[in-house]
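Novice: Could you have a look at this structure, given as structure tokens, before my questions?
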Amino acid sequence: MSHDHDHDDHSHLGEMEARVRALETLLVEKGYVDPAALDAIVQTYETRIGPRNGARVVARAWVDEAYRQWLAADATAAIASLGYGGRQGEHMVAVFNTPQEHHMVVCTLCSCYPWPVLGLPPVWYKSAPYRSRAVSEPRAVLGEFGVSLPEATRIRVWDSTAEVRYLVVPMRPAGTDGWTEERLAAIVNRDSMIGTGLPQP
Ligand code: FE
């Protein structure tokens, strides 16, 4: 993200982007924010913080039973032990998929999301249809994501709040015995940790 372009020419921008630019310009002009600091924050979320972090948490839980139990008992501490913590991840709860129960996360009010482990939320997560239908018809929503679960599997939907953020720990796929933690982490995609997807070996 560069700040050396002309902020006054908004003709080529969408309305929302134009409003964000206008707000940013105002904050910079008034000296409330430093453009370099803003760039650093954006770059951090684009490159350093993202679903790869959560994938490492999941892979560790798959290979290390003691870690899995710690994650279940105190997710915030267990996740922080791998170096992931901070804003929007202060109170983490890990929920574990089983053959009997599949977990799915939503924020019905807005877009609360565990930034330190998953990065910034995808656009659909913030959309009104997802936020309402994840609760009213989760199985149909899962179907639209290409996830079809056995009828006997119960779907539990967790509503994020400003305080609590959830990380879904998907089931370890069959056929991954003996895989290294790194190789396992590579198959844990973002949606599988929101509960709208499954790991793809
Ligand atoms: Fe929210």
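The values are calculated or read from the model by the stated rules, or taken from the named source; none is laboratory data. Bear in mind that the values here come from a model prediction, so they are computed numbers and not experimental data. Because the Cβ atoms are built from the backbone with ideal geometry, glycine has one as well, and the counts that use them run over all protein chains shown. Quick note on the areas: whole protein, heavy atoms, side chains included, nothing else; ligands and nucleic acids left out. Shrake-Rupley method; radii C 1.70, N 1.55, O 1.52, S 1.80 Å.
Novice: Mind telling me which of Val188, Val63, Val123 comes out most flexible in a GNM of the chain, alpha-carbon contacts under 10 Å?
Specialist: So, out of Val188, Val63, Val123, the one fluctuating most is Val123.
Novice: Please build a GNM for the chain, connecting alpha carbons under 10 Å apart, and tell me which residue among Pro116, Pro35, Pro129 fluctuates the most.
Specialist: Ranking Pro116, Pro35, Pro129 by mean-square fluctuation puts Pro35 first.
Novice: Quote the charge dipole size of the chain about the Cα centre in Debye, to the nearest 20; the model charges only the Cβ of Lys and Arg (+1) and of Asp and Glu (-1). Don't skip to the end; give the middle numbers.
Specialist: Values: 19 positive and 25 negative charges, 153 e Å.
In debye, rounded to 20, the chain gives about 740.
Novice: Note down the relative contact order for the chain as a percent, whole number, built from C-alpha pairs under 8 angstrom at least six residues apart.
Specialist: Once normalised by length, the contact order is 24 percent.
Novice: Using a 1.4 Å probe over the heavy atoms of the protein chains, calculate the carbon and sulfur portion of the accessible area of the chain as a whole percent.
Specialist: The nonpolar share, carbon plus sulfur, comes to 55 percent.
Novice: Positive end of the dipole of the chain, charges at C-beta (+1 Lys, Arg; -1 Asp, Glu), about the Cα centre: which of Gly89, Ser127, Ser148 has its Cα farthest in that direction?
Specialist: Ser148
Novice: Rolling a 1.4 angstrom probe over the protein heavy atoms, how many square angstrom per residue are accessible across segment 16-116?
Specialist: 54 Å²
Novice: Could I have the simple spin-label model distance between Ala77 and Glu137, label points 7 Å from Cα toward Cβ, reported in nm to one decimal?
Specialist: 4.4 nm
Novice: Moving on to the next point. For the modelled label position 7 Å from the Cα of Arg48 along Cα-to-Cβ, which residues of segment 74-89 have backbone nitrogen atoms closer than 15 Å?
Specialist: Answer for this model: 83-87.
Novice: Starting from the Kirkwood Rh over alpha-carbon pairs, what translational D in µm² s⁻¹ does segment 15-54 have by Stokes-Einstein at 20 °C and 1.002 mPa s?
Specialist: The Stokes-Einstein estimate is 187 µm²/s.
Novice: If you don't mind, another one. Could you work out the helix-only [θ] at 222 nm for the chain, with each DSSP H run of four or more residues adding -39,500 (n - 2.57) and the total divided by the number of residues, to the nearest 500 deg cm²/dmol?
Specialist: Rounded to the nearest 500, the figure is -11500 deg cm²/dmol.
Novice: In addition: No other cysteine beta carbon under 4.7 Å away is the test; run it over the chain and list who passes.
Specialist: Cysteines of the chain left without a disulfide-compatible partner: Cys110.
Novice: Same structure again: At most 16 other C-beta atoms within 10 Å and a DSSP loop state: those are the exposed GluC sites (Glu not before Pro) I care about. Give me the longest piece of the chain that has none.
Specialist: My reading of the result: 1-89 is the longest stretch.
Novice: I want to check the label-to-label distance for Ser111 and Glu65. Put each point 7 Å from Cα in the C-beta direction and report it in nm to one decimal.
Specialist: 4.2 nm
Novice: Still on this structure: What nm value, rounded to one decimal, do you get for the distance between Lys30 and Leu120 when each label is placed 7 Å out toward the C-beta?
Specialist: Taking the two extended label points, one gets 2.2 nm.
Novice: With a 10 Å cut-off between alpha carbons and a GNM built on the chain, which of Leu184, Leu118, Leu82 moves the most?
Specialist: Evaluated over the chain, the most mobile residue of the options is Leu82.
Novice: Sticking with this one: With an 8 Å Cα cut-off and a minimum separation of 6 or more residues, compute the relative contact order for segment 162-201 in percent.
Specialist: 44 percent
Novice: Semi-axes of the equivalent ellipsoid of the chain: what are they in whole Å, largest first, if each equals the square root of 5 times a C-alpha gyration tensor eigenvalue?
Specialist: 34, 21, 15
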